Amino acid sequence: MITFDDIYHVGIIVPNMEDAMDELGRRFGCGWRDPSTATVRVRDEGGDRILSPRVTFCDKSTPIALELIEAIPGTVWHVGERS
């Protein structure tokens, strides 16, 4: 069984980076580092490709590192209708 002691990092897929930084920053009481672009090699139904999601991390020490990842439709980083 996984316990919270085993979890270091949680990534949250968000439809809009700036809106999520504002809302979740207020809810979690933290600010965010400047968003950056990651380069990630992905293999999925579309084959092998390079994606560049925008990401940011909570700027203060928290028990679990919080990461926001901006959604990319049609990839593993998409948001559902009710997300």
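Report, for the chain, the % of DSSP beta bridges that are antiparallel, rounded to 5.
65
Using the alpha-carbon centroid of each, what span in Å lies between the range 51-78 and the range 9-37?
8
For Rg/Rh (Cα atoms, Kirkwood Rh), which listed value, [x] 1.39; [y] 1.00; [z] 1.08, comes from the coordinates shown?
Read-out from the structure maps to [y].
Output ³J(HN,Hα) for the range 64-71: one whole-Hz value per residue in order, computed from phi by the Karplus curve 6.51 cos²θ - 1.76 cosθ + 1.60 with θ = phi - 60°, and x for Gly and Pro.
Values, residue by residue: 10, 5, 9, 10, 9, 10, 6, 4 Hz.
How large is the helix-only mean residue ellipticity at 222 nm for the chain, computed as the sum of -39500 (n - 2.57) over DSSP H runs with n ≥ 4, divided by its residue count, in deg cm²/dmol to the nearest 500?
-4500 deg cm²/dmol
Throughout, read-outs are computed from the coordinates displayed, never taken from laboratory work. Predicted, not measured: the structure shown is a model, and the values here were computed from it.
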